[in-house]
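The structure under discussion appears below in the form of structure tokens.
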Amino acid sequence: MKSIQESVRPNIKQIKPFPQELPDLSVGEIKERLGLDNVYKLSFNENFNGPSSAAVKAMREAADKVNFYPSSYSVELSGALAGEFGVENTNLLLSNGADEMINLVAQTFAGPGDRVIFPSPSFGAYAVAARMVGAEPMPVPLLDYTVDLDAMLSEVDDKVKLIYICNPNNPTGTMLEPAKVQRFLSKIPSHVIVMFDEAYMEFTPNPKRLTAINLINEFPNIGVIRTFSKIYGLAGARVGYLIAGKETVCVVHKVRPPFNVNGLAQAGALAALRDRKYVEDMRSINDAQRQYLEEEINRMGMNFVPSCANFLFINTGCEAGIIYEKLVQRGIVVRPGAQFGAPGFMRVSVGSQEANREFISALREIMGVVV
Ligand SMILES: Cc1ncc(COP(=O)(O)O)c(C=O)c1O
């Protein structure tokens, strides 16, 4: 008798299921696993201030209409985003989180025998997306904690179909200068698709200047992936989107499930987008809290990679895995750098004021720093 394993496609066998370690669990699951009532989860780069109250109200109202299918093309939300970015509706496509968009793009453009380039360390979904479609993942190491565009360019050959660029990069929080990006794109063959993952772009000092959205008319082979999970505080609603040339958007629509963004999520994202004050507040809260973390980490004699996002990549100067375990004992869950091939580091989300204070005081105690 043949086993199920024999029917599994070889490329799928190479994919590890999404982990169930502490940093990958929900707060409720972490509490249960640790047997603690109070935990601080600083491993997912979530927004700790709660969603916009306007978004919550809109989702409550939308709940009354869940007997109906939602708009397949997320028409209202797509129109509002088009207005926000000064593009056409046809330049926009909504998805079930940026995660889904990363996969949809791979399904559209890459397949067996192709290669997919992405930075390393960076967001883990690019390698999974490449494997999922049977393409070969090609990680390209960072240079000075930053995406190395020259090294990526040197990897481009006939087999490369797709390049993901995480900007700001997760886990380092570093940014690319638009002039450098433009020079890079001018050297990329026009059939190679370049997808900028700008999940954290809204936290940067000048998103309008730094975004690759400014380049979509000049380079029809590029696209920008964004999300409502970070600054908009809607990670649980699952809304992401792509802004790209019309031709790209048109083909990616073909692989999208017809109702990939649910009605509650569409309503919540629309209200969050319109709540401009909320986004401004989130940006300044993040700046202030990140600055607090930076100052305290400096005072402890440790350093970190200067970050434009809502997380910090901290160089502990020792085996960060041990520090991670000790933080867990105190109910604080961060992301150990070993997951990114950097065992001396840990990535810490900028949390609430309370969470950040708890983290700093725990770290001080663990490192034996007297202040
Ligand atoms: C760089 C990057 N891209 C995409 C995502 C996924 O975003 P979403 O929640 O919209 O799927 C994350 C989530 O942490 C991320 O760090």
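What number goes with the only condition from (1) under 19 Å from I12 (Cβ atoms); (2) without any contact (Cβ under 8 Å) to a residue 40 or more places away in the chain; (3) within 15 Å of the ligand (Cβ to nearest atom) that P139 does not pass?
Exception for P139: condition (1).
List every residue pair whose Cβ atoms sit under 7 Å apart, with the two residues 6 or more apart in sequence or on different chains, where the first one lies in the range 222-241 and is in contact (Cβ under 8 Å) with a residue 12 or more places away in the chain and among the polar types (S, T, N, Q) and the second, anywhere, is near the ligand (Cβ under 10 Å from one of its atoms) and assigned to a strand (DSSP E or B).
Note: pairs meeting the criteria are T227/G240.
Quick check on the range 252-263. Is at least one of its residues in a helix (DSSP H, G or I) and among the charged types (D, E, K, R)?
yes
Which of (1) farther than 28 Å from V348 by Cα; (2) assigned to a helix (DSSP H, G or I); (3) in contact with a strand residue (DSSP E or B) (Cβ under 7 Å, 6 or more places away or on another chain) is the odd one out, the single condition R183 does not satisfy?
Condition (3) is where R183 drops out.
Name the single residue that is farthest from the ligand (Cβ to nearest atom) among those in the range 191-219 being crowded, with 20+ Cβ neighbours inside 10 Å and more than 26 Å from D287 (Cβ to Cβ).
Ranking the qualifying residues of the range 191-219, first place goes to I216.
Can you spot a residue in the range 187-197 that is outside any loop (DSSP other than H, G, I, E, B) and out of contact with any strand residue (DSSP E or B) (no Cβ under 9 Å at 6 or more places or on another chain)?
Within the range 187-197 (the criterion being outside any loop (DSSP other than H, G, I, E, B) and out of contact with any strand residue (DSSP E or B) (no Cβ under 9 Å at 6 or more places or on another chain)), the answer is yes, since at least one residue qualifies.
Out of (1) in contact with a strand residue (DSSP E or B) (Cβ under 9 Å, 6 or more places away or on another chain); (2) more than 30 Å from R364 (Cβ to Cβ), what's the single condition that is false for S307?
Only one criterion in (1) in contact with a strand residue (DSSP E or B) (Cβ under 9 Å, 6 or more places away or on another chain); (2) more than 30 Å from R364 (Cβ to Cβ) is unmet by S307, namely (2).
Which of the numbered conditions does K161 fail, given that it passes all the others? Conditions: (1) surrounded by fewer than 24 Cβ atoms within 10 Å (Cβ to Cβ); (2) within 12 Å of the ligand (Cβ to nearest atom); (3) not β-branched (V, I, T).
Among (1) surrounded by fewer than 24 Cβ atoms within 10 Å (Cβ to Cβ); (2) within 12 Å of the ligand (Cβ to nearest atom); (3) not β-branched (V, I, T), the lone unmet condition for K161 is (2).
Could you check P257 against (1) outside the structural domain of S361 (by TED's automatic domain parsing); (2) within 16 Å of the ligand (Cβ to nearest atom); (3) surrounded by 15 or more Cβ atoms within 10 Å (Cβ to Cβ) and say which number it fails?
(3) is the only condition that P257 fails.
Could you list, in sequence order, the residues of the range 160-190 that are over 15 Å from the mean Cα position of the chain (by Cα) and under 12 Å from I222 (Cβ atoms)?
L162, I163, V181, Q182, F184, L185, S186, I188, S190
The values are calculated or read from the model by the stated rules, or taken from the named source; none is laboratory data. Source: prediction; values computed, not measured. Note: ideal-geometry Cβ built from the backbone for every residue, glycine included; neighbour counts use all protein chains shown.
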